[in-house]
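All remarks here apply to the structure that follows.
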Amino acid sequence: MNLLARKSCWPIAVVGTLLLGGCGGTGLTADGTVTLKLVAADYGDSEATSSSHYWDELARRFEAANPKIKVSVQVVSWNDIDQRVAAMIKNGSSPDVVQTGGYADQVAAGRLYPASDVLSIDTQVNMIDAFSKAGQVLGSQYGIPFVASSRAFFYNKAVFAKAGIGQPPATWEELRKDAALIRQKVPGVIPYGLPLGPEEAQAESMMWTMSGGGGLADNAGNYTIDSEQNRATFSWLRTNLVDARLTYPDPGTVDRKTAFGDFAAGKVAMLNGHPSLIQKALNAKIDYGTAAIPRRDAQARAGTLGVADWMMAFKANGHRAEIKKFLSFVYTKENTLKFDELYNLLPVTQDTRDEMTSGGKHEDLKQFLAALPSASFYPLGDPSWDKVSGMVKKDVGGAVRDGGDDVLATLQHAAAEAASKARR
């Protein structure tokens, strides 16, 4: 998943040393030089901001320090990267390292090195534990986190002041009371933006069900969409926000992009958002604040939704030792900090998080950085998740309409069936 929700349409940029030899070769030359093939997703939205510039410069520095290892870099748009990797594998020219949005399908196909085989002890220890665990499949880590995002509660300070609200809500009941005050005292503003449309309904659902003591899956990876806690969460949303006209009339038709745009236009007072909303608010001169996502009650567990993009190390070419050297270089603080700051993303390594939280340089990201160690994740290691996520995106908005329990039951049955098929 592209954390910036960008779908670059720029053509593929091929940078660095070209491959030596034909398809299916090991990349080994007569003098013992090995060529690693790296395929990375493009986080830029233009040729000038393409990630190819970052990876090309990193590859040159790595090669200078490791003259027996060359790096062939392909930076590919998010629209095309999965197809590009699949074509390379089919043609017998497997990549060595891929940086993209997921890993479960490659684990299921048996193509990856375990993370412990290609990460030094120092690199493993430096990873934020919650993200390393999110890369596990059946207790073994294969997905290597690369960049992260988390979610926080955004509110419009000017709207709060007009409504006489002094601080952001910490619980659902406080949120409901604040929303009712805003509706009464600041007409024309939607008190809470609840985007349950098909763009990213799985994220909003995950945040609300987690804050209600539930979630979309349990710790063992079993789907729990139709749990008692989740039914109570969607019933609360339906009764206290939708029916009370404190959010959009039909949240199931509202996408995240719309809600973010409405917040930046001063039309929405409160919503859950990720770091990209900061720049939108600043550009629109919205006086905003961030806080922890409100919980069902003060005793409920605090937390946030964590999202990551991933590195994968492929076994096909037998370059384990060279991959390990390369990844040790990739995950140095100098390199991770540069990429995170370049694209306004969050770190997956502890030393970079420490750097970004010191000195007040990233004060706007304070809430997001603080939440990283306690982040919870989608069931990313389940090969059925992509299909289940698509079903949730399409249908979960119906859970805040009349008959919402039937929607959850239908999704639960379909998710269990998809998981069973994927695990056969």
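The number of residues in region 163-197 that are of a type in the set (A, V, I, L, M) and part of a loop (DSSP other than H, G, I, E, B) comes to 6.
Within region 324-359, the residues that satisfy the criterion of being among the acidic types (Asp, Glu) and touching a residue at least 40 places away in the same chain (Cβ under 8 Å) are ASP340, ASP351. Restricting region 294-326 to residues that are over 17 Å from the mean Cα position of the chain (by Cα), surrounded by 20 or more Cβ atoms within 10 Å (Cβ to Cβ) and among the aliphatic types (A, V, I, L, M) leaves a set whose member that is farthest from ARG60 (Cα to Cα) is ALA313.
Here LEU342 fits the description: exposed (fewer than 15 other Cβ atoms within 10 Å of the Cβ) and under 22 Å from the mean Cα position of the chain (by Cα). Looking across region 76-102, just one residue is modelled with pLDDT of 95 or more, open to solvent by 20 Å² or more (accessible area, probe 1.4 Å), part of a loop (DSSP other than H, G, I, E, B) and of a type in the set (Gly, Ala, Ser), and that is GLY92.
Do you know which of the residues in region 112-162 that are part of a helix (DSSP H, G or I) and of a type in the set (D, E, K, R) is most open to solvent (accessible area, probe 1.4 Å)? Going through the qualifying residues, I end up with LYS162. Only one entry in ASP122, ASP105, ASP56, ASP117 is under 27 Å from ASP382 (Cβ atoms), at pLDDT 95 or above and among the acidic types (Asp, Glu), namely ASP117. When every residue of region 257-268 is checked against the conditions, none turns out to be open to solvent by less than 40 Å² (accessible area, probe 1.4 Å), under 22 Å from LEU411 (Cβ atoms), in contact with a helix residue (DSSP H, G or I) (Cβ under 7 Å, 6 or more places away or on another chain) and of a type outside the set (Lys, Arg).
This table checks each residue for (1) open to solvent by less than 40 Å² (accessible area, probe 1.4 Å); (2) in a helix (DSSP H, G or I).
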| site | (1), (2) |
| --- | --- |
| GLY215 | yes, no |
| ASN219 | no, no |
| ASP226 | no, no |
| GLN229 | no, yes |
| ALA232 | no, yes |
| SER235 | no, yes |
| THR239 | no, yes |
| LEU246 | yes, no |
| GLY252 | yes, yes |
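Taking first residues from region 273-292 that are in a strand (DSSP E or B) and buried (at least 19 other Cβ atoms within 10 Å of the Cβ) and partners that are hydroxyl-bearing (Ser, Thr, Tyr) and modelled with pLDDT of 95 or more, the Cβ contacts under 8 Å between residues at least 6 apart in sequence or on separate chains come to TYR288/TYR155; THR290/TYR155. With the condition kept exactly as written, say whether any residue in region 411-422 is of a type in the set (A, V, I, L, M, F, W, C) and farther than 28 Å from LEU138 by Cβ. No, because not a single residue in region 411-422 is of a type in the set (A, V, I, L, M, F, W, C) and farther than 28 Å from LEU138 by Cβ. So is MET391 assigned to a helix (DSSP H, G or I), without any contact (Cβ under 8 Å) to a residue 40 or more places away in the chain, in contact with a helix residue (DSSP H, G or I) (Cβ under 8 Å, 6 or more places away or on another chain) and open to solvent by less than 30 Å² (accessible area, probe 1.4 Å) or not? When the stated conditions are applied, MET391 does not pass them. Residues in region 394-424 that are surrounded by fewer than 17 Cβ atoms within 10 Å (Cβ to Cβ) and acidic (Asp, Glu): ASP402, ASP405, ASP406, GLU417.
The values are calculated or read from the model by the stated rules, or taken from the named source; none is laboratory data. Computed from a predicted structure; not experimentally measured. FYI the Cβ positions are ideal-geometry reconstructions off the backbone, even for glycines, and counts take in every protein chain you see. Surface accessibility is based on the protein's heavy atoms, side chains included, excluding ligands, DNA and RNA. Shrake-Rupley method; radii C 1.70, N 1.55, O 1.52, S 1.80 Å.
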